[in-house]
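Asker: Here it is, the structure, as structure tokens.
The values are calculated or read from the model by the stated rules, or taken from the named source; none is laboratory data. Everything numeric in this text was worked out from a predicted model, so none of it was measured. Cβ atoms come from the backbone with ideal geometry, glycine included; neighbour counts cover every protein chain shown.
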Amino acid sequence: MTRTGWRILGAAALALGLMQPVGAAGENLKVGMITTLSGGGAGLGIDVRDGFLLAVKQAEAPIEVVIEDDQRKPDIAVQLADKLIQSDKVDVMTGIIFSNLAMAVIPSAVAQGKIYLSPNAGPSQLAGAGCHPNYFNVAWQNDNLHEAAGAYANSAGHTNTFILAPNYPAGQDALTGFKRFYEGELAGELYTALGQTDYAAEIAQIRASGADSVFFFLPGGMGISFLKQYADSGVDMPVIGPAFSFDQGILQAVGDAALGVRNTSQWSGDLDNPVNAAFVESFEAEYGRLPSLYASQGFDTANLLISAMGKADIADLDAFRAALKEADFDSTRGAFRFNTNQHPVQDIYVREVIRDGDVFTNRIVATALRERGDAYAAECPME
Amino acid sequence: MSGVLLLEQLLNGVQFGVMLFLMAAGLTLVFGVMGLINLAHGSLYMVGAFAAAAVSAATGSFLLGLGAALAAAAAAGALIEVAVIRRLYARDHLDQVLATFALILIFSEGTRWLFGSFPLFLDVPGWLAGPVALPLGIDYPKYRLAVIAVGLAVAAGLFWLIAGTRLGVQIRAGEADREMIAALGVDITRLYTLVFALGAALAGLAGALVGAIQSVQVGMGEPVLILAFVVIVIGGIGSIRGAFVGALLVGLTDTLGRVLLPLAMVHVVGPQAAATAGSAVASMAIYILMALVLVFRPAGLFGKV
């Protein structure tokens, strides 16, 4: 390399060095976010990330966020967690979308003294005997939305529901959650293959079963496929599902087939409180799309963290945990508090899919469960 | 279970099989003629679905979308053949697997970059929406009947192409002896590009047809690719007829297995466990079928040893 070449390189290095915010590193709180940003399910991680970053930006909070993509693979999530803890030395972790990844990362991270704030996954193991003082769930326990669907099926007068879900732990939890509140008969109970995209055989069985309604939990692309094929089959009994198959990212891909479907959620864009109205407006202005429930969960997670930072220093872990547990922040969901197992106690609503101009979205039609905690809190030894 | 329901499930199985045939035909041609394992075949399926969704949304016409799917997948196929695949024919299968796996990643992230991470909307056209009443009181979706018809037409066209045209003679000759056909003066380079683009177009057609009743999203091709490999292993690698029979066998086994096995398990383990155990066994059914075929016909049903 020539003399001038070295000089340019030197100048560039110096310039890059100057760009680092001087002295800020020591005061910033460092958040490690492991979430799904590529592969199937990337839409969920992107919404959580964008919601989280929006809250940090609005509060101008001294938070540095290190974002990593787990590709929905547990082994990669574990490697990333090790990197964030050992080399980036983060104070707080968050971001994981899927329960199997959560179970691979969270128990070890909280055992190493890190605070973990879950913006989505809520596996029953971490809500019951496996609860931990460093673990806070800001979304829901996995069973919650399915329980609400069961309660709604009763109030809608359904007495013979056909239920189906994929054959994996969250699918089995979903049907268990539904049956916990549902009081009618079951016209049929089906487990499908995970990742299945053709439901012709299942829909023919539903048609032949004499059911009066259908409950399904098929997240992501599986739900899109099921709804389109169901609408095309001419079977017209009412469908109920958790919000995961009706979030803002998915509805546009389902189109008319989802119109009128009732789904259960702890959040909705039309939830009437000033925090939520401001959130929906600013999210749309920032990213050019409507927020989903995942975005609201990311937003709430960041605001919970910011509220605790105002009360305690992360160096004093006990005080910081106590500050988190107060949940003294304005949630997009309205009333929000933590149960003894540090999972939410919140209202869960029934939404209906509507078309607003060109855009498919949800509006609230009823409240399914009020101040619902979860079925596992009693097994948690914390107070 | 009533006979009518069983008949409806048979139709579902045939429809699934016909769709698998469109995928497997290209895969088996490419393997038979060029000796290439192409893992990126599922990406071409995805390209077809995305092209159909984008063009249908822009023009409002499903048929234009189908045309775009064929064109885009064939073009993408020809492009990767010329740019990458051509260099792999002489290499061993491990190199081919590695390079075509890299193509999957490039296609997936490229598609995400162009279209974003959220699934796209592609619906069945109005004139094919809803069910049609068949004899015996079966209400069957019109669109699925149309898919069966298109698939059978494509199969007939392919048989004619292979058995009755000059291109077909060259393809069959290429399968039998690569060096000799080149020595006879056939432009083997062009023939390979043509066969690859044909296979890609079929995958794109399958992607577009299926995209209308499923979800058009990044990574949609890989699960189908695995089934397509099972089909060509059962049918015998390189055989179009084998791919057709194999696809129908896999389609029927998978659909009927999903319906009948949980019902059969009820008598063995009781209703509670049958739902989970039955669906677990059903997802293995096609692999058990493949293993059985390989035990009795190691080269597949129509394969040459």
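Asker: Out of everything in the stretch A:181-196 that is surrounded by fewer than 23 Cβ atoms within 10 Å (Cβ to Cβ) and either in a strand (DSSP E or B) or facing another protein chain (nearest Cβ under 7 Å) (or both), what residue ends up being modelled with the lowest pLDDT? So that I can check it myself, show each step before the final result.
Answerer: Of the stretch A:181-196, the ones surrounded by fewer than 23 Cβ atoms within 10 Å (Cβ to Cβ) are A:181, A:183-189, A:193-196.
Narrowing the set further to residues that are either in a strand (DSSP E or B) or facing another protein chain (nearest Cβ under 7 Å) (or both) leaves A:185-189, A:193, A:195.
Values: A:E185: 93, A:L186: 92, A:A187: 92, A:G188: 89, A:E189: 89, A:A193: 83, A:G195: 78.
Residue satisfying both the conditions and the ranking: A:G195.
Asker: I want to confirm something. Restricting to the stretch B:211-223 and keeping residues that are assigned to a helix (DSSP H, G or I) and touching a Leu at 6+ places or on another chain (Cβ under 9 Å), which single residue is surrounded by the most Cβ atoms within 10 Å (Cβ to Cβ)?
Answerer: Here is the first cut: in the stretch B:211-223, the residues assigned to a helix (DSSP H, G or I) are B:211, B:221-223.
Filter again for touching a Leu at 6+ places or on another chain (Cβ under 9 Å), leaving B:211, B:221-222.
Values: B:G211: 30, B:G221: 26, B:E222: 17.
Of everything passing the filter in the stretch B:211-223, B:G211 is surrounded by the most Cβ atoms within 10 Å (Cβ to Cβ).
Asker: Looking for whichever is in contact with a Lys or Arg (Cβ under 8 Å, 6 or more places away or on another chain), within 14 Å of another protein chain (Cβ to nearest Cβ) and at pLDDT below 95 here; the options are A:A231, A:A253, A:A257. Which one fits? If you could, list the steps in order and put the result at the bottom.
Answerer: Values: A:A231 fails: in contact with a Lys or Arg (Cβ under 8 Å, 6 or more places away or on another chain); A:A253 fails: in contact with a Lys or Arg (Cβ under 8 Å, 6 or more places away or on another chain).
Criteria check complete, one pass: A:A257.
Asker: Taking the conditions exactly as written (within 24 Å of B:M290 (Cβ to Cβ), in a helix (DSSP H, G or I) and modelled with pLDDT of 85 or more), does B:I162 satisfy them or not? Outline the logic, then answer.
Answerer: Numbers: within 24 Å of B:M290 (Cβ to Cβ): no; in a helix (DSSP H, G or I): yes; modelled with pLDDT of 85 or more: yes.
For B:I162, the condition - within 24 Å of B:M290 (Cβ to Cβ), in a helix (DSSP H, G or I) and modelled with pLDDT of 85 or more - is not met.
Asker: Over 17 Å from the mean Cα position of the chain (by Cα), touching a residue at least 24 places away in the same chain (Cβ under 8 Å) and crowded, with 23+ Cβ neighbours inside 10 Å: does that describe A:G95? Outline the logic, then answer.
Answerer: On the way: over 17 Å from the mean Cα position of the chain (by Cα): no; touching a residue at least 24 places away in the same chain (Cβ under 8 Å): yes; crowded, with 23+ Cβ neighbours inside 10 Å: yes.
No.
Asker: A further question follows. Among residues belonging to the stretch B:241-258 that are surrounded by fewer than 24 Cβ atoms within 10 Å (Cβ to Cβ) and in contact with a Leu (Cβ under 8 Å, 6 or more places away or on another chain), point out the one that is farthest from A:V254 (Cα to Cα).
Answerer: By that ranking, first place goes to B:V245.
Asker: Does the stretch B:102-110 contain any residue that is crowded, with 24+ Cβ neighbours inside 10 Å and either out of contact with any Lys or Arg (no Cβ under 8 Å at 6 or more places or on another chain) or among the basic types (K, R) (or both)?
Answerer: First pass over the stretch B:102-110, keeping only residues crowded, with 24+ Cβ neighbours inside 10 Å: none.
Looking through the stretch B:102-110, none of the residues is crowded, with 24+ Cβ neighbours inside 10 Å and either out of contact with any Lys or Arg (no Cβ under 8 Å at 6 or more places or on another chain) or among the basic types (K, R) (or both).
Asker: Working only within the stretch B:232-265, note down all residues that are of a type in the set (G, A, S) and either within 11 Å of chain A (Cβ to nearest Cβ) or under 22 Å from B:L39 (Cα atoms) (or both).
Answerer: Here is the first cut: in the stretch B:232-265, the ones of a type in the set (G, A, S) are B:235-236, B:238-239, B:242-243, B:246-247, B:251, B:257, B:264.
Within the stretch B:232-265, B:G235, B:G236, B:G238, B:S239, B:G242, B:A243, B:G246, B:A247, B:G251, B:G257 qualify.
Asker: Given the condition more than 14 Å from chain A (Cβ to nearest Cβ), touching a Pro at 6+ places or on another chain (Cβ under 8 Å) and of a type in the set (A, V, I, L, M), answer yes or no: does some residue in the stretch B:57-73 qualify?
Answerer: yes
Asker: Within the stretch A:264-285, is there a residue that is over 19 Å from B:V218 (Cα atoms) and facing chain B (nearest Cβ under 10 Å)? Spell out the reasoning first.
Answerer: Keep residues of the stretch A:264-285 that are over 19 Å from B:V218 (Cα atoms), which gives A:264-285.
Among the residues that remain, those that are also facing chain B (nearest Cβ under 10 Å) are: none.
For the stretch A:264-285, residues over 19 Å from B:V218 (Cα atoms) and facing chain B (nearest Cβ under 10 Å): absent.
Asker: Could you count how many residues in the stretch B:266-302 are among the aromatic types (F, W, Y), under 16 Å from B:L256 (Cα atoms) and more than 14 Å from every other protein chain (Cβ to nearest Cβ)? Write out each step before concluding.
Answerer: Residues of the stretch B:266-302 among the aromatic types (F, W, Y): B:287, B:296, B:302.
Retained after the next criterion (residues that are under 16 Å from B:L256 (Cα atoms)): B:287.
From what's left, more than 14 Å from every other protein chain (Cβ to nearest Cβ): none.
Number of matching residues: 0.
Asker: Which one of these does A:E284 not meet: (1) touching a residue at least 12 places away in the same chain (Cβ under 8 Å); (2) surrounded by fewer than 23 Cβ atoms within 10 Å (Cβ to Cβ); (3) under 30 Å from A:S245 (Cβ atoms); (4) of a type in the set (D, E, K, R)?
Answerer: (1)
Asker: Based on this model, can you work out whether A:G51 counts as at pLDDT 85 or above and in a helix (DSSP H, G or I)? Walk me through how you get there before you give the answer.
Answerer: Values: at pLDDT 85 or above: yes; in a helix (DSSP H, G or I): yes.
Here the answer is yes, as A:G51 does meet what is asked.
Asker: Taking the options B:I226, B:I181, name whichever one is within 14 Å of chain A (Cβ to nearest Cβ), free of Cβ contacts under 8 Å to residues at least 12 places away in the same chain, part of a helix (DSSP H, G or I) and not acidic (D, E). It would help to see each step written out before you state the result.
Answerer: On the way: B:I181 fails: within 14 Å of chain A (Cβ to nearest Cβ).
When all the criteria are applied, what remains is B:I226.
Asker: Give the residue, chosen from B:D139, B:D123, that is within 14 Å of chain A (Cβ to nearest Cβ), in contact with a helix residue (DSSP H, G or I) (Cβ under 8 Å, 6 or more places away or on another chain) and either crowded, with 16+ Cβ neighbours inside 10 Å or part of a helix (DSSP H, G or I) (or both).
Answerer: Working: B:D139 fails: either crowded, with 16+ Cβ neighbours inside 10 Å or part of a helix (DSSP H, G or I) (or both).
The unique qualifying residue is B:D123.
Asker: Could you please let me know if B:A129 is more than 10 Å from every other protein chain (Cβ to nearest Cβ) and without any contact (Cβ under 8 Å) to a residue 24 or more places away in the chain? Talk me through it step by step, then tell me what you get.
Answerer: Details: more than 10 Å from every other protein chain (Cβ to nearest Cβ): no; without any contact (Cβ under 8 Å) to a residue 24 or more places away in the chain: yes.
Considered against the rule, which asks whether it is more than 10 Å from every other protein chain (Cβ to nearest Cβ) and without any contact (Cβ under 8 Å) to a residue 24 or more places away in the chain, B:A129 comes out as no.
Asker: Still on this model: Among (1) more than 25 Å from A:G255 (Cβ to Cβ); (2) surrounded by fewer than 17 Cβ atoms within 10 Å (Cβ to Cβ), where does B:V132 come up short?
Answerer: Evaluating B:V132 over (1) more than 25 Å from A:G255 (Cβ to Cβ); (2) surrounded by fewer than 17 Cβ atoms within 10 Å (Cβ to Cβ) leaves (1) as the failure.
Asker: Something else now. Could you identify the single residue in A:A243, A:A204 that is under 30 Å from B:V4 (Cα atoms), buried (at least 24 other Cβ atoms within 10 Å of the Cβ) and modelled with pLDDT of 85 or more? Explain how you work it out, then say what you get.
Answerer: Working: A:A243 fails: under 30 Å from B:V4 (Cα atoms).
Criteria check complete, one pass: A:A204.
Asker: Here are some residues: A:F226, A:F246. Which one is out of contact with any helix residue (DSSP H, G or I) (no Cβ under 7 Å at 6 or more places or on another chain), within 14 Å of chain B (Cβ to nearest Cβ) and within 24 Å of A:L293 (Cα to Cα)?
Answerer: Values: A:F246 fails: out of contact with any helix residue (DSSP H, G or I) (no Cβ under 7 Å at 6 or more places or on another chain).
Being out of contact with any helix residue (DSSP H, G or I) (no Cβ under 7 Å at 6 or more places or on another chain), within 14 Å of chain B (Cβ to nearest Cβ) and within 24 Å of A:L293 (Cα to Cα) holds for just one of A:F226, A:F246, which is A:F226.
Asker: Which condition number in (1) closer than 18 Å to A:A139 by Cα; (2) surrounded by fewer than 24 Cβ atoms within 10 Å (Cβ to Cβ); (3) hydrophobic (A, V, I, L, M, F, W, C) is the one that A:L317 fails?
Answerer: It fails just one condition, (1).
Asker: For the stretch A:197-218, what are the residues that are over 21 Å from B:A264 (Cα atoms) and either more than 8 Å from chain B (Cβ to nearest Cβ) or among the hydroxyl-bearing types (S, T, Y) (or both)?
Answerer: If we filter the stretch A:197-218 for residues that are over 21 Å from B:A264 (Cα atoms), which is where we start, we get A:197-198, A:211-218.
Hits for the stretch A:197-218 are A:T197, A:A211, A:D212, A:S213, A:V214, A:F215, A:F216, A:F217, A:L218.
Asker: Is it true that some residue in the stretch A:165-176 is in a strand (DSSP E or B), surrounded by fewer than 24 Cβ atoms within 10 Å (Cβ to Cβ), at the interface with chain B (Cβ under 10 Å from one of its Cβ atoms) and in contact with a strand residue (DSSP E or B) (Cβ under 6 Å, 6 or more places away or on another chain)?
Answerer: First pass over the stretch A:165-176, keeping only residues in a strand (DSSP E or B): A:165-166.
Filter again for surrounded by fewer than 24 Cβ atoms within 10 Å (Cβ to Cβ), leaving A:166.
Checking the rest, the ones that are also at the interface with chain B (Cβ under 10 Å from one of its Cβ atoms) come to A:166.
In the following step, the residues that additionally are in contact with a strand residue (DSSP E or B) (Cβ under 6 Å, 6 or more places away or on another chain) were identified as A:166.
Yes, there is a match, as at least one residue in the stretch A:165-176 is in a strand (DSSP E or B), surrounded by fewer than 24 Cβ atoms within 10 Å (Cβ to Cβ), at the interface with chain B (Cβ under 10 Å from one of its Cβ atoms) and in contact with a strand residue (DSSP E or B) (Cβ under 6 Å, 6 or more places away or on another chain).
Asker: Which is in contact with a Ser or Thr (Cβ under 6 Å, 6 or more places away or on another chain) and either away from chain A (no Cβ under 14 Å) or modelled with pLDDT of 90 or more (or both), of B:I85, B:I104?
Answerer: Details: B:I85 fails: in contact with a Ser or Thr (Cβ under 6 Å, 6 or more places away or on another chain).
Of the residues listed, the single one that is in contact with a Ser or Thr (Cβ under 6 Å, 6 or more places away or on another chain) and either away from chain A (no Cβ under 14 Å) or modelled with pLDDT of 90 or more (or both) is B:I104.
Asker: When you check B:S279 against the structure, is it without any contact (Cβ under 8 Å) to a residue 60 or more places away in the chain and on the phi < 0 side of the Ramachandran plot, yes or no?
Answerer: Details: without any contact (Cβ under 8 Å) to a residue 60 or more places away in the chain: yes; on the phi < 0 side of the Ramachandran plot: yes.
The answer is yes for B:S279.
Asker: If you check A:L290 against the conditions, is it at pLDDT below 95, of a type outside the set (G, A, S) and over 17 Å from the mean Cα position of the chain (by Cα)? First the steps, then the outcome.
Answerer: Numbers: at pLDDT below 95: yes; of a type outside the set (G, A, S): yes; over 17 Å from the mean Cα position of the chain (by Cα): no.
Answer is no for this residue.
Asker: Looking at B:V250, B:V245, B:V268, which one is more than 22 Å from the chain's Cα centre (by Cα) and either at pLDDT 95 or above or part of a helix (DSSP H, G or I) (or both)?
Answerer: B:V268
Asker: In the stretch A:254-267, how many are in contact with a Leu (Cβ under 6 Å, 6 or more places away or on another chain) and either assigned to a loop (DSSP other than H, G, I, E, B) or under 20 Å from A:G41 (Cβ atoms) (or both)?
Answerer: In the first step, residues of the stretch A:254-267 are kept if they are in contact with a Leu (Cβ under 6 Å, 6 or more places away or on another chain); the result is A:254, A:257-258, A:264-265, A:267.
Then drop every residue that is not either assigned to a loop (DSSP other than H, G, I, E, B) or under 20 Å from A:G41 (Cβ atoms) (or both), which leaves A:254, A:258, A:265, A:267.
Number satisfying all stated conditions: 4.
Asker: Within the stretch B:77-87, is there a residue that is surrounded by fewer than 18 Cβ atoms within 10 Å (Cβ to Cβ) and of a type in the set (V, I, T)?
Answerer: yes
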